[in-house]
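A.B. asks: Can you read through this structure? Questions will come right after.
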Amino acid sequence: KGAGLTADTVPRLKLKWAFGFPASVSGFGQPTVASGRIFVGSDNGYVYSLSAATGCVYWSFQAKGWVRNAVSVGPIKGHGAARYAVYFGDAKANIYAVDAQNGKLLWTTRPEQHYTARSTGSPTFYEGRLYVPISSWEEFQASTPEYPCCTFRGSVAALDANTGEQIWKTYTIAEEPKPTRKNSKGTQLYAPAGASVWNAPTVDAHRHAIYFGTGDSETEPAEKTSDAVMALDLNTGKVLWVYQSQADDAWLNGCTGATKPENCPNVVGPDWDIGSSPILRTLPGGKRMVVAGTMNAVVFALDPDRNGALLWSSSIADKPRTGVVWGGTADERYGYWGLSGGGVAAVQLAIGERTWFVPAEGARIGNAAAAASIPGVAFIGGTDGKLRALATADGHKLWEVDTEREFETVNKLAAKGGSITAAGPVVAGGMVFVGSGYVLLAFGVQ
């Protein structure tokens with residue numbers, strides 16, 4: 001109902017408008033649609049409020065760093081005439097509440113003070129609270145011998161959405177980092193560290209819990225909470241259960257060559273994070289499950305009503321070193337995932353069986369961007385700049401558009417589409433919105 005589209009009308013989608021991101025090279029954030037407006041961030045640090053119908057700008061807000069996550073929208077109290085806020089984070093782990101009507105800053109806070117912290121996953125709004133995931137750029141620099149590797153720990157913080165005041169904060173690694181040894185440069189090294197939270201927490205109102213995926217460890221031995229799905233209590237942040245999908249994954253960027261820097265783990269892991277949000281579904285008959293995917297293309301289902309017990313696990317890729325990165329989508333019976341190495345797979349949620357697979361239309365095309373679906377249709381973006389709509393019954397193509405070209409924009413900027421690699425399409429109000437290159441595109445039924 002919210003999509004305003006059906007499988008029959010999807011083949012008639014045509015471009016309605018394009019908005020060029022000023023002084024940008026990437027649209028970066030996935031758009032959020034609410035009350036006839038679009039809210040979207042970009043790599044230049046601006047968040048824009050646009051008309052969903054025309055793409056015209058209501059307001060723009062300058063954050064202190066790039067804004068990669070999709071914003072959340074929710075009610076806010078105690079700020080005069082402001083009734084609704086948009087909530088988001090930036091590259092420096094600052095979290096913001098901005099008046100949805102006019103773009104005025106209402107509050108800002110920084111729940112994690114580590115200098116490598118950043119906000120990549122979206123803050124999740126639920127019943128007056130924000131559940132904020134925190135990740136880091138530390139693992140991409142830590143192989144440098146002069147860097148005191150490693151001290152960052154992933155976390156989720158619960159904030160009062162009205163004030164930004166922290167209610168609780170839970171680290172994915174409970175133990176604080178401690179000095180271990182010094183390398184030949186005299187640099188002090190530390191452990192344990194890692195397990196960033198790259199994705200938006202998923203709320204389970206029935207169990208009064210949130211679920212999220214974690215990344216790899218930065219130090220060895222790898223922590224039991226790395227490459228895992230964690231469940232926390234909504235009220236207190238207490239860890240309810242943990243399911244680890246990949247053990248012994250201690251990984252740092254730059255540690256895979258023949259000559260490894262001293263900061264590298266002795267045994268370098270495969271880097272098989274759970275980067276995307278777990279999907280919570282109730283199947284016909286009432287069975288509930290939490291479904292997640294990993295960067296080595298293993299999709300698995302957990303029972304939230306039995307402390308995360310494993311229900312099934314399935315490998316959905318046809319070739320190695322390909323996997324689920326930014327997220328899948330699911331209806332009541334099936335889940336649909338694009339893969340970084342190319343292709344789209346459908347999985348029967350009840351048993352974990354792969355029911356169909358559509359390979360990429362080219363050897364070097366990836367489909368890692370977040371997927372979206374409406375009844376009967378799954379929308380999948382590609383690194384070739386093409387957005388495709390596939391029939392969920394068998395994967396046959398219903399519609400396709402090539403976005404890798406120049407567009408005439410409503411704000412009169414020269415803008416070019418490009419690859420769709422991370423942020424995926426959003427379907428709302430009879431329209432499909434997707435970022436491509438440094439342009440936001442809106443499609444509607446002709």
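The values are calculated or read from the model by the stated rules, or taken from the named source; none is laboratory data. Here the structure is a predicted model, which is why all the values come from computation and not from measurement. Cβ atoms come from the backbone with ideal geometry, glycine included; neighbour counts cover every protein chain shown. The protein model used for the area step is the full one, side chains on, heavy atoms only, and it has no ligands, DNA or RNA in it. Shrake-Rupley method; radii C 1.70, N 1.55, O 1.52, S 1.80 Å.
A.B. asks: Can you list the HN-Hα couplings for region 281-297, worked out from phi with the Karplus curve (6.51, -1.76, 1.60; θ = phi - 60°), rounded to whole Hz and with x for Gly and Pro?
C.D. replies: Rounded to whole hertz, the list is 9, 10, 7, x, x, x, 5, 9, 8, 10, 10, 9, x, 10, 6, 10, 6.
A.B. asks: How large is log10 I(q)/I(0) at q = 0.24 Å⁻¹ when the Debye formula is applied to the Cα atoms of region 289-335, each weighted equally and without solvent?
C.D. replies: Treating every Cα as an identical point scatterer, log10 I(q)/I(0) equals -0.90.
A.B. asks: Next question. Report the per residue volume, in Å³, of the convex hull enclosing the C-alpha atoms of region 1-124.
C.D. replies: 127 Å³
A.B. asks: In addition: Under the Kirkwood approximation for Rh and a Cα-based Rg, what ratio Rg/Rh is obtained for the chain?
C.D. replies: Values: Rg = 21.2 Å, Rh = 22.2 Å.
Value, to two decimals: 0.96.
A.B. asks: What would the Debye formula give as log10 I(q)/I(0) at q = 0.09, 0.22 Å⁻¹ for the alpha-carbon point model of region 64-175, no solvent?
C.D. replies: The Debye formula, applied to the Cα set alone, gives -0.25, -1.15.
A.B. asks: Equivalent-ellipsoid semi-axes (√(5λ), Cα gyration tensor) for region 6-77, whole Å, largest first? Mind dumping the intermediate values first?
C.D. replies: Working: eigenvalues 107, 52, 27 Å².
Value: 23, 16, 12 Å, ordered largest first.
A.B. asks: Could you state the orientation-averaged shadow area of the convex hull built on the Cα atoms of region 190-244, in nm² to one decimal?
C.D. replies: Numbers: hull surface 15.6 nm².
Projected area, direction-averaged: 3.9 nm².
A.B. asks: Further, regarding this structure: Heavy atoms only, 1.4 Å probe, whole protein assembly: order LYS92, LYS238, LYS412 by accessible area, highest first. Don't skip to the end; give the middle numbers.
C.D. replies: Values: LYS92 110, LYS238 135, LYS412 160 Å².
Sorted by accessible area, descending: LYS412, LYS238, LYS92.
A.B. asks: Arrange the residues SER340, SER155 by how much accessible surface each exposes, largest first, with a 1.4 angstrom probe. Walk me through the numbers on the way to the answer.
C.D. replies: Working: SER340 50, SER155 0 Å².
Largest to smallest exposure gives the sequence SER340, SER155.
A.B. asks: Quick check: with the 1.4 Å probe, what order do ILE38, ILE365 take by accessible area, largest first? Intermediate results must be reported in sequence, preceding the final value.
C.D. replies: Numbers: ILE38 0, ILE365 25 Å².
Result, largest first: ILE365, ILE38.
A.B. asks: What translational diffusion coefficient, to the nearest whole µm²/s, does region 247-367 have by Stokes-Einstein, given a Kirkwood radius computed over alpha-carbon pairs, a temperature of 37 °C and 0.692 mPa s viscosity? Numbers along the way, then the final one.
C.D. replies: On the way: Rh = 15.5 Å.
For the chosen part, D equals 212 µm²/s.
A.B. asks: So which GluC sites (Glu not before Pro) in region 124-176 are both in a DSSP loop and have at most 15 other Cβ atoms within 10 Å of their Cβ?
C.D. replies: Values: sites: GLU127, GLU138, GLU139, GLU146, GLU165, GLU175; in loops: GLU127, GLU146, GLU165, GLU175.
Answer in residue order: GLU127, GLU146, GLU165, GLU175.
A.B. asks: Starting from the Kirkwood radius over alpha-carbon pairs of region 329-446, derive D by Stokes-Einstein at 25 °C in a medium of 0.890 mPa s and give it in µm² s⁻¹.
C.D. replies: Details: Rh = 14.5 Å.
Diffusion coefficient, whole number: 169 µm²/s.
A.B. asks: Given the pairs LYS182/LYS224; LYS92/LYS412; LYS14/LYS397; LYS178/LYS224; LYS14/LYS416, which are separated by over 19 angstrom at their Cα positions?
C.D. replies: Working: LYS182/LYS224 25 Å; LYS92/LYS412 31 Å; LYS14/LYS397 16 Å; LYS178/LYS224 17 Å; LYS14/LYS416 17 Å.
Pairs exceeding 19 Å: LYS182/LYS224; LYS92/LYS412.
A.B. asks: On the first, second and third principal axes, largest extent first, how far apart are the outermost C-alpha atoms of region 144-288 in Å?
C.D. replies: So the three principal-axis extents are 58, 37, 20 Å.
A.B. asks: Treating only the Cβ atoms of Lys and Arg (+1) and Asp and Glu (-1) as charged, compute the dipole magnitude of region 202-295 about its Cα centre; round to the nearest 20 debye.
C.D. replies: Numbers: 7 positive and 12 negative charges, 136 e Å.
Dipole size: approximately 660 debye.
A.B. asks: Okay, moving on. Report the Cα centroid-to-centroid distance between region 18-57 and region 66-85 in angstrom, as an integer.
C.D. replies: 15 Å
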